[in-house]
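All remarks here apply to the structure that follows.
The values are calculated or read from the model by the stated rules, or taken from the named source; none is laboratory data. Everything numeric here is computed off the predicted structure, so don't read it as measured data. Reconstructed Cβ throughout: ideal geometry from the backbone, glycine too, with neighbour counts over all protein chains shown. For accessibility, only protein heavy atoms count, side chains too; no ligands or nucleic acids. Shrake-Rupley method; radii C 1.70, N 1.55, O 1.52, S 1.80 Å.
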Amino acid sequence: MTAIEVNGVRLEYDEVGRGPAVVFSHAGIADRRMWMHQVERFSAAHRVITYDWRGYGESGDAEGSFAPYKDLLGLMDALDVEEATLVGSSMGGSYSLEVALAEPSRVTGLTLICSGLSGHLWPEEMNEYVKAHVRSSVPAERLARYRGGRNEYVDPDDVDAMARAQAEFIVAGPHRPSSAVDPQVWEFALSMLRGVFERSWRGPVITELALDPPPGERLGEIQVPTVVINGLEDPPWIQAVSDLISDRIPGARRADLAGTGHLPPLERPAEVNQILQDLLRH
């Protein structure tokens, strides 16, 4: 475990191995621990870097307005990483994309796993589903207070209820029971989610700034080898983002993984590692 100051905040990161750099950016429902299988697999021949976003895991608190992709770029600068393959999960995928658009010479390849996309407008159907199946897990008055930030007390039962509802929605997926997820993966995902809500509900309200123009309008500019990994049990609205990205990035390869939700690096590590290995060979 190592810390470094980036853009005025302390970022915790791990760096293992030597060789061409591969930088991993975790999902918004997780922290840098989600990459444990990839660190083990690739550190023998690569310089593998994982980090916690500001406000996540062991990194410093997030406050005010900031651009997460600039934190990723700042981390690369601070660690003297001139160029790297970027691997991003969920919104970590968008931050990786934004780096590739902002500083294309710094990125040699992209692996985007169940990727989000900064600036993307989610359909009302998804918002209604989340309201009914996720947000309803905590009484509306308390949830509003938690989301308002800086709470002296956060009920652990509320944290657990929200973590479970979010995991059922996105780790298992809307059409798959949680019992279908490997128990160890399920419990690990719940542990990370509890940490996310416990911390975010105590912290201040923040504003994430995206690249301008937003990445969705510039996908055709991506020129590096790109792989889009999609879990076929992920919510359909998130899979639609994978469709958009793989359709618009020139030459992007697509891998659909059956029986897999929003965290393929944990559910299907062997398949994800093989896909990443094939990209790194080029």
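Working from Cα pairs under 8 Å separated by at least six residues, relative contact order for the range 139-282 is 26 percent.
One decimal place: the segment Ala258-Glu82 gains 59.8 nm when fully extended, by the rule 0.36 nm per residue minus the C-alpha distance. Our summary gives the range 116-213 a relative contact order of 37 percent, counting only alpha carbon pairs under 8 angstrom and 6 or more residues apart. With bins 10 Å wide beginning at 0, the percent of Cα pairs of the chain falling in each bin runs 7, 30, 38, 21, 3, 0. What the phi angles of the range 106-121 give under the Karplus curve with 6.51, -1.76 and 1.60, with θ = phi - 60°, is a coupling list of 8, 10, 9, x, 10, 10, 10, 10, 6, 5, x, 7, 4, x, 5, 8 Hz, glycine and proline written as x.
So with the 1.4 Å probe, I'd like the accessible area per residue for the chain, rounded to whole Å². Don't skip to the answer; put the middle values down first.
Numbers: 12370 Å² over 282 residues.
Here the residues of the chain average 44 Å² of exposed surface.
Before anything else, pin down the relative contact order of the chain: Cα pairs under 8 Å, at least 6 apart, normalised by residue count, whole percent.
Details: 550 pairs, mean separation 57.4, N = 282.
Computed value for the chain: 20 percent relative contact order.
Highest GNM mean-square fluctuation among Gly216, Gly195, Gly64, for the chain modelled with Cα contacts below 10 Å: Gly64. Here the Debye sum runs over all C-alpha atoms of the range 49-204 as equal scatterers in vacuum, and log10 of I(q)/I(0) at q = 0.10, 0.12, 0.20 Å⁻¹ comes out as -0.44, -0.63, -1.40. Rounded, prolate or oblate for the range 124-205? Axes are the square roots of the Cα gyration tensor eigenvalues, ordered a ≥ b ≥ c, and the cut-off for rounded is a/c under 1.5. Oblate is the answer for the range 124-205, as a/c is 1.5 or above yet b/c matches or exceeds a/b. Loop-resident GluC sites (Glu not before Pro) (DSSP state other than H, G, I, E or B) in the range 113-218 with no more than 10 further Cβ atoms inside 10 Å of their Cβ: Glu152.
Cβ under 10 Å from Arg202's Cβ, Arg202 left aside: what net charge do those residues give with Lys, Arg +1 and Asp, Glu -1? Don't skip to the end; give the middle numbers.
Numbers: positive: Arg150, Arg199; negative: Asp61, Glu152, Glu198.
Local net charge: -1.
Ligands, DNA and RNA left out, the accessible area of the chain computed with a 1.4 Å probe is 49% carbon and sulfur. The GNM of the chain, with springs linking C-alpha atoms under 10 angstrom apart, assigns the highest mean-square fluctuation among Asp31, Asp160, Asp182 to Asp182.
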